[in-house]
């Protein structure tokens, strides 16, 4: 009965691992499969030792060690599939080096020149991003690359930046009345209670949270509005 239970447990663990591995890129998938085989081999070798099947334990242990050392199981190789390196395209301009992962659709970017040279674009905050956009305004190739990166990684940035520009041109400032602005951001009427504030925040974040492909800038603004209003409510 114990062996049946262990077998069923191993089957469920294997199915869960396969489901996770199948979503990975080919290169990462093969590396994960290699470690899965090595770990499973050593685990089974341990079970065989406990069961006093020393011959099977030795065979499984040697096989797992061979896979760990060589990355191969007989004719099967756990190295990245042929052509896997071609799944990443690189594009360069004077200012940037961009990489597109065709398996995941992710776009990675690095600054080559200027005051942010050497930085990953993902590490730039809002002010730095605005500064970089202004800095490369005359370099159309670099500007196009940066805008493409922002479209993928900072969804909603155009509307967010355009909205702030409109406020500045009309003479409004984001700090003139932070409480009123926070109510506007969350779509609440003045005087809303803490529960209403939290509920409005949750609804907006469902669509805008960066983990779900939304805009990190808008999400930060919504978080700030919530914190501002909750602090105001606590002081009353």
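Okay, residues lined up against (1) farther than 25 Å from residue 133 by Cα; (2) assigned by TED's automatic domain parsing to the domain that holds residue 127; (3) modelled with pLDDT of 80 or more; (4) surrounded by 13 or more Cβ atoms within 10 Å (Cβ to Cβ):
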| position | (1), (2), (3), (4) |
| --- | --- |
| 159 | no, no, no, no |
| 177 | yes, no, no, no |
| 184 | yes, no, yes, no |
| 189 | yes, no, yes, no |
| 199 | yes, no, yes, yes |
| 215 | no, no, no, yes |
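Would you say residue 66 is touching a strand residue (DSSP E or B) at 6+ places or on another chain (Cβ under 8 Å), outside any strand (DSSP E or B), modelled with pLDDT of 75 or more and not assigned by TED's automatic domain parsing to the domain that holds residue 148? When the stated conditions are applied, residue 66 passes them.
Within segment 115-127, restricting attention to residues that are assigned to a helix (DSSP H, G or I) and crowded, with 16+ Cβ neighbours inside 10 Å, which residue is modelled with the lowest pLDDT?
Taking segment 115-127 first, the residues assigned to a helix (DSSP H, G or I) are 121-123, 126-127.
Narrowing further to those that are crowded, with 16+ Cβ neighbours inside 10 Å: 121, 126.
Values: 121: 90, 126: 82.
The residue in question is 126.
Does residue 150 qualify as being within 23 Å of the chain's Cα centre (by Cα), at pLDDT 85 or above and part of a helix (DSSP H, G or I)?
Values: within 23 Å of the chain's Cα centre (by Cα): yes; at pLDDT 85 or above: yes; part of a helix (DSSP H, G or I): yes.
Against the criterion (within 23 Å of the chain's Cα centre (by Cα), at pLDDT 85 or above and part of a helix (DSSP H, G or I)), residue 150 qualifies.
Within segment 83-114, the set of residues being exposed (fewer than 12 other Cβ atoms within 10 Å of the Cβ), assigned to a loop (DSSP other than H, G, I, E, B) and modelled with pLDDT under 70 comprises 83, 102. The residues in segment 128-143 that are without any contact (Cβ under 8 Å) to a residue 12 or more places away in the chain and either part of a helix (DSSP H, G or I) or surrounded by 14 or more Cβ atoms within 10 Å (Cβ to Cβ) (or both) can be counted, and the count is 3. Being outside the structural domain of residue 137 (by TED's automatic domain parsing), over 27 Å from the mean Cα position of the chain (by Cα), modelled with pLDDT under 75 and in a helix (DSSP H, G or I), is that true of even one residue in segment 69-82? Checked segment 69-82: at least one residue is outside the structural domain of residue 137 (by TED's automatic domain parsing), over 27 Å from the mean Cα position of the chain (by Cα), modelled with pLDDT under 75 and in a helix (DSSP H, G or I).
The values are calculated or read from the model by the stated rules, or taken from the named source; none is laboratory data. On a predicted model such as this, the values are computed, not experimentally measured, just so you know. All Cβ positions, glycine included, derive from the backbone under ideal geometry; neighbour counts span all protein chains shown.
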